[in-house]
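To keep things clear, I will list the structure first and then write my remarks on it.
The values are calculated or read from the model by the stated rules, or taken from the named source; none is laboratory data. Computed from a predicted structure; not experimentally measured. All Cβ positions, glycine included, derive from the backbone under ideal geometry; neighbour counts span all protein chains shown.
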Amino acid sequence: MSVLARLRGVVGVALAQLRHDRTRTVLATVGVALAVLATTMLASVGVGVVETGQQKFEAADRDLWVTGGPVRLAPGQVGGVENSVVDAHPVAANISQREEVSTAVPLAFQTVYVAANRSGEYRTLVGAGAPARGSSVRITNGSGFSSRDVHYAGGSYDGPMTHEVVIDSRTAALLDVGVNDTIYVGGTVATARDHEFRVVGLSPTYSRFLGAPTVTLHLSELQEVTGATDADRATMITISLQDGADPGEVAREIEAAYPGYDVRTNREQLRATLERQAVVVASGASLVALAVVAGLALTVNLLLSLVYQQREALAALRALGATSGTLAGVVTVQAVWIGLAGGALGVALTPPAVAGLNAVAHAVVGFEALVQTPRWVYGVGFGIAVVVSAVGAATAGLRIASLDALEQLR
């Protein structure tokens, strides 16, 4: 018998057995598909988080980030966030005087109460104390702030408040307000009722960076309404450098001048953010490993079950003169078919699953395209299927080698 004829026979018997026991075939295929899908989805989430974070930092058009350590929640304080940069205005002003620095801007983020009416329903949103004018801020409607932050007044906080606010489209929809409407903002409901702000523009800049509905005030005015004027607190200071300046070198110089603060480049800041989420990252990696192991275990178990269910038919083939290699070939074809079919199914299900997860992520956290799937992720997922089928085939082959034809036919 020629090799080609023998191969056709092995394939024919294998496919016939798969068709005969469709339930186990489908279950094994689905098991591999789920392992592949879990792998591609979790890998896509990891890639998307890193890519989205990098895009957010690059879109912020800043070169360095000065922080006083990780941002911590402070439930007992007004605003709910412990901003660790103190004397933010003078520190930023001193940094701005450096030859390599173009601008240094302090930013603060706090939880604030916001309502469209003084006696209406107050919502908890993110308040950003930041500039809302200039080339770094995109205004989609209105004009943005009409003046600089005059309320700070050199540190006395007795300058006139502009009572201007810029909001994003989601905040506008939540409050049902637009440009030239008024809203009430404060660190407490009582404070908010005393501070009426006029909406002067709509901008997605800070809400996209934070991934949440946002109201943007002048920094000193946010400090005023949240009670943070005593220490001039901010979350961070962002720095733009002159063309040709070395971010790493400038960062080291600023850290030497301000040893209590961390100065990071965009990539270092993103890395620090991810490191603080090490538990989440480790959990994702564990889930990937668990998905692969579960798919492998399920497939091997089902393949061994297939061998057990086929033991009489395989024993009959053995008694008729089929070699152990031929029988192992039958089981190997079954394993390869299940692995490849499951891999193809898992890869095919990845795009709609990614689209669905992105829709949920956008609705919950506000980030678009948070889950991203480069081509290599599909390759990794399909590779998992190949590994599963190979291990399943090897395990089933060992089972075939120990099959006693006479014992099975008695």
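Note on region 345-379: residues that are surrounded by 14 or more Cβ atoms within 10 Å (Cβ to Cβ), farther than 14 Å from residue 45 by Cα and modelled with pLDDT under 80 amount to 1. Checked against (1) in a loop (DSSP other than H, G, I, E, B); (2) out of contact with any helix residue (DSSP H, G or I) (no Cβ under 6 Å at 6 or more places or on another chain), residue 114 passes all but a single condition, namely (1).
Out of everything in region 146-176 that is among the acidic types (Asp, Glu) and part of a loop (DSSP other than H, G, I, E, B), what residue ends up being nearest to the chain's Cα centre (by Cα)? Here the residue is 168.
The selection criterion, being under 26 Å from the mean Cα position of the chain (by Cα) and at pLDDT below 90, does not hold for residue 127. For region 150-179, the tally of residues that are touching a Phe, Trp or Tyr at 6+ places or on another chain (Cβ under 8 Å) and at positive phi stands at 1. If you check 254, 237, 183 for being buried (at least 18 other Cβ atoms within 10 Å of the Cβ), modelled with pLDDT of 95 or more and not small (Gly, Ala, Ser), only one passes: 183.
Against the numbered list (1) in contact with a Phe, Trp or Tyr (Cβ under 8 Å, 6 or more places away or on another chain); (2) at pLDDT 90 or above; (3) β-branched (Val, Ile, Thr), residue 71 comes up short only at (2). Does region 86-109 contain at least one residue that is crowded, with 16+ Cβ neighbours inside 10 Å, over 30 Å from residue 247 (Cα atoms) and under 27 Å from the mean Cα position of the chain (by Cα)? No; the residues of region 86-109 include none that is crowded, with 16+ Cβ neighbours inside 10 Å, over 30 Å from residue 247 (Cα atoms) and under 27 Å from the mean Cα position of the chain (by Cα).
If you check 168, 158, which single one turns out to be charged (D, E, K, R) and out of contact with any strand residue (DSSP E or B) (no Cβ under 9 Å at 6 or more places or on another chain)? Even if it seems obvious, please write down each step before you answer.
Details: 168 fails: out of contact with any strand residue (DSSP E or B) (no Cβ under 9 Å at 6 or more places or on another chain).
It is 158.
Criterion first (of a type outside the set (Val, Ile, Thr), surrounded by fewer than 16 Cβ atoms within 10 Å (Cβ to Cβ), under 31 Å from the mean Cα position of the chain (by Cα) and within 23 Å of residue 138 (Cα to Cα)) does residue 203 satisfy it? Can you show your working first?
Numbers: of a type outside the set (Val, Ile, Thr): yes; surrounded by fewer than 16 Cβ atoms within 10 Å (Cβ to Cβ): no; under 31 Å from the mean Cα position of the chain (by Cα): yes; within 23 Å of residue 138 (Cα to Cα): yes.
Considered against the rule, which asks whether it is of a type outside the set (Val, Ile, Thr), surrounded by fewer than 16 Cβ atoms within 10 Å (Cβ to Cβ), under 31 Å from the mean Cα position of the chain (by Cα) and within 23 Å of residue 138 (Cα to Cα), residue 203 comes out as no.
With more than 25 Å from residue 87 (Cβ to Cβ) and exposed (fewer than 15 other Cβ atoms within 10 Å of the Cβ) as the only criterion, which of 168, 176 stands out? Let's see the steps before the verdict.
Values: 168 fails: exposed (fewer than 15 other Cβ atoms within 10 Å of the Cβ).
Of the residues listed, the single one that is more than 25 Å from residue 87 (Cβ to Cβ) and exposed (fewer than 15 other Cβ atoms within 10 Å of the Cβ) is 176.
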